[in-house]
Amino acid sequence: MHAALFAFLWFGIHWQSQQPIAVEAEVWSPDIKEAAPPAPEPTPVPQPTPEPKPEPVVQETAPPKVLPPPLPDPEIALEKEKKRKEQERKDQARQEELEKQQKLQKEQAEEERKDKLKADAEQKAAKDKAAAQEKLKQDAAKKLEADAAKKKQAADSAAETKRRSDELKRMMGQAVGNGAANSTGTSAQSQGPRGDPGYGQKVGAKIKSNIIFNVPEGLAGNPDVQFDVQLLPDGSVASVRLKKSSGVSGFDEAVKRAIEKSAPYPKDNKTGAVPSGFTGIHRPKDQ
């Protein structure tokens, strides 16, 4: 139908637009006549205005129908929520179990560390105890060796003293008794009736000048120390033997050193010879 309408319109417009065919002819007459006026120009035939072509009708497409989202099934939603909560509970339980295991591992590591420290301390204590016992044994052995050395030295000294005494007796050609001289200077007793009464004071003063000792504060009394001293003919000391201790070991040692330092001892002015020996008596507070 549309096609027929379109063909009819096209045909009508085309037919009206064709120009008519014009024919011109000249006619001559022997009579002079005025020229005929020129023919008027033909009036242009107005062209019909073409009608606009109808635009094809476009059928409007109906918009797609928007369907509302389907409502969730309550049973399915409840099941999903139940599964979600169950998964959360499992995750929480798994996390709690992991934290519990980590705590147990830390506690076990701490216990192992304490046990190791305790074992190290016990091992160190055992080593220290063994070392202390070994030191005690070594000290005891050293003390025994020192005692043995002292005994041997004392025996050797006694033997040497006896030898020198025997040699002195042989040289003097007589048996020499042990004379005594009180070296404190408070009283004097020479060797026999021929000795110089002032010899003991002279020897005591010499020894006293060589005693170096600080008397301790609070020393009770004034205890004396006594040494038996054997001399050689040249005035040197043959032996020094502790006869009586003052109870103050430092003072005893100081007196002994002073006796040895005071050698050689002088001759007795009256007899012209060095006494064979004397007993030195000294007190700490008399120095």
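All told, VAL255 meets the bar of being closer than 20 Å to ALA154 by Cα and either loosely packed, with under 14 Cβ neighbours inside 10 Å or modelled with pLDDT of 90 or more (or both). Is it true that LYS151 is closer than 23 Å to ASP228 by Cβ, at pLDDT 80 or above, among the basic types (Lys, Arg) and not assigned by TED's automatic domain parsing to the domain that holds PRO233? Yes.
Taking residues in the range 218-244 that are under 22 Å from PRO264 (Cβ atoms), and partners anywhere that are of a type in the set (D, E, K, R) and in a loop (DSSP other than H, G, I, E, B), the pairs with Cβ atoms closer than 8 Å and at least 6 places apart or on different chains are GLY235/LYS267. A count restricted to the range 252-287 and to residues that are over 30 Å from PRO216 (Cα atoms) and among the hydrophobic types (A, V, I, L, M, F, W, C) stands at 2. All conditions in (1) in contact with a Lys or Arg (Cβ under 6 Å, 6 or more places away or on another chain); (2) more than 13 Å from VAL203 (Cβ to Cβ) hold for ARG257, with the sole exception of (1). Residue count for the range 252-287 under the criterion of being free of Cβ contacts under 8 Å to residues at least 40 places away in the same chain and either under 20 Å from THR161 (Cα atoms) or under 57 Å from the mean Cα position of the chain (by Cα) (or both): the result is 6.
Screening the candidates VAL237, VAL215, VAL248 for the property of being in contact with a Ser or Thr (Cβ under 9 Å, 6 or more places away or on another chain) and surrounded by 13 or more Cβ atoms within 10 Å (Cβ to Cβ) yields one hit, VAL237.
The values are calculated or read from the model by the stated rules, or taken from the named source; none is laboratory data. Since the structure is predicted, the reported quantities are computational estimates derived from the model, not experimental observations. Glycine also receives a Cβ, built like all others from the backbone with ideal geometry; neighbour counts cover every protein chain displayed.
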